[in-house]
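Nothing in this text is a laboratory measurement; each read-out follows from the coordinates by a stated rule. Computed from a predicted structure; not experimentally measured. Here Cβ is always computed from backbone atoms with ideal geometry, including for glycine, and neighbour counts include all displayed protein chains.
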Amino acid sequence: MKTDARQCLVETKDRVMMITINRPPMNTLSRSTLYEIEEILAEAETDPEVGAVLLSGTGEKIFSAGADISEFGIVGDREQANKMLLRMHELFNRIENYPKPVIACLNGKALGGGNELQMACHLAIASETAELGLPEVKLGIIPGYGGTQRLPRLIGRRRALELMLSGERISAQTALEYGLVNRVVPPESLRQEAFKWAAALAAGAPLAIKGILDSTIRGGELDMDEGLAIERENSLAVAGSEDAIEGVTAFFSKRKPKFEYSHGKGTPLP
């Protein structure tokens, strides 16, 4: 299935949905672009034909250069700016807490809000030519879409402060060394490798994947005991499911498990 949305291209194949930001030349993130991404994700959440999501940008040079500066006039209106920031935080939190793997496919520069968007994704694969940065300080503002919170959690406070206070960019290789991305590949093979990775994840047990994501993301912000309580909650939900029965049966039968009947349902057995 392939459809052209207003500012995003959407293509689904082998249970992988590719969302491509289509606002050349810089793939800037207007509010309407982000709302469109939110709508697409909302529909895909319950779609059994979608097991993983790839998020990329058109072209070979820019994933996203960040927020649409033409909308910055709202900064002078404190009330409206606060409403907008709350809305953006809700959207980025929704991506982070999505029950299916969301992989950022960084085809080029990920700057400002573009970098904050990829940080909200669960995983990231980058082209060797990609660059990442939070240059907001150079505009006299701060990262406002979660960057000041997610970046230190991903790479550590001192490295994060160095990047945010200077506004400088780092290469894909440095981002890999910092733990800001998972994989770096040649630009010509980026989308192929990203799709292969996403397809492998999409073939997994949906309930288990949902439980791992929830336990890690939600539990990761709590103390150990509270985090373990969330892990137990998810373990119990998964343990009696069709997925678990199929997985164990396949193991003892020495064959690959087939989870297709529970994709999109995730209903534990009574």
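Per residue, the chain reaches -14000 deg cm²/dmol at 222 nm when only DSSP H runs of four or more residues are counted, each adding -39500 (n - 2.57). On a 0 to 90° scale, report how tilted helix 242-253 is relative to the longest principal axis of the chain, with both axes built from alpha carbons and the result rounded to the nearest 10. Orientation of helix 242-253: about 60 degrees from the principal axis. Here, the stretch 2-202 has an Rg and a Dmax of 15.8, 46 Å when only alpha carbons are counted. Partners of LYS13 within straight-line reach, counting lysines whose Cα lies under 22 Å from its Cα and excluding those fewer than 8 residues away in the same chain: LYS2, LYS100, LYS196, LYS210, LYS256, LYS258, LYS265.
Multiplying the residue separation of GLU60 and GLU226 by 0.36 nm and removing their Cα-Cα distance gives an extension gain of 55.4 nm. Sparsely packed loop sites in the stretch 196-248 (the GluC sites (Glu not before Pro) outside DSSP H, G, I, E and B with at most 12 other Cβ atoms within 10 Å) comprise GLU221.
Calculated FRET efficiency, ARG6 to ARG78, Cβ-Cβ distance, R0 = 41 Å: about 0.90 to the nearest 0.05.
I need the calculated FRET efficiency for the pair LEU236 and LEU161, taking r as the beta carbon distance and R₀ as 45 Å, to the nearest 0.05. Efficiency at R0 = 45 Å is approximately 0.65. Seen from LEU151, the other residues with C-beta closer than 10 Å to its C-beta sum to a net charge of +3, counting Lys and Arg as +1 and Asp and Glu as -1. Think of the chain as a dipole: +1 on every Lys or Arg Cβ, -1 on every Asp or Glu Cβ, centred on the Cα centre; then among ILE170, MET18, ILE212, ILE170 lies furthest on the positive end. Between SER32 and GLU128, the modelled labels are 3.9 nm apart [label points 7 Å from Cα along Cα→Cβ].
Remark: the ILE245-ASP14 segment gains 80.8 nm on full extension, using 0.36 nm per residue and subtracting the alpha carbon distance. Given +1 at the Cβ of Lys and Arg, -1 at the Cβ of Asp and Glu and no other charges, the dipole of the chain around its Cα centre is 480 debye to the nearest 20. PRE reach from ILE142 (point 7 Å along Cα→Cβ): which of the stretch 159-199 fall under 15 Å by backbone N? Once the point is set 7 Å along Cα→Cβ of ILE142, 160-167 turn out to lie under 15 Å by backbone N, inside the stretch 159-199.
Going by the alpha-carbon gyration tensor, a ≥ b ≥ c the square roots of its eigenvalues, is the stretch 5-87 rounded (a/c under 1.5) or, if a/c is not under 1.5, prolate (a/b greater than b/c) versus oblate? Oblate is the answer for the stretch 5-87, as a/c is 1.5 or above yet b/c matches or exceeds a/b. Amide H contacts under 5 Å for LYS109: ILE62, PHE63, GLU131, restricted to partners 5 or more places along the chain or on a different chain, H placed in the peptide plane at 1.01 Å from N.
Whole-Hz Karplus values for the stretch 223-234 come out as 6, 4, 4, 5, x, 5, 5, 5, 4, 4, 4, 6 Hz, taken residue by residue from phi with 6.51 cos²θ - 1.76 cosθ + 1.60 and θ = phi - 60°; glycine and proline positions read x. Taking other residues whose beta carbon is less than 14 angstrom from the beta carbon of LEU29, and scoring Lys, Arg as +1 and Asp, Glu as -1, yields -1.
Going by neighbour counts of Cβ atoms within 10 Å, the residues TYR98, TYR35 line up, fewest first, as TYR35, TYR98.
Ordering SER235, ILE103, GLY179 by the projection of their Cα atoms onto the charge dipole of the chain, which places +1 on the Cβ of Lys and Arg and -1 on the Cβ of Asp and Glu, puts GLY179 at the extreme positive end. Put a plus charge on the Cβ of each Lys and Arg, a minus charge on the Cβ of each Asp and Glu, and nothing anywhere else: the dipole of the stretch 129-188 about its Cα centre is then about 280 debye.
Taken about its Cα centre, the stretch 206-262 carries a charge dipole of roughly 520 debye when the Cβ of each Lys and Arg holds +1 and the Cβ of each Asp and Glu holds -1.
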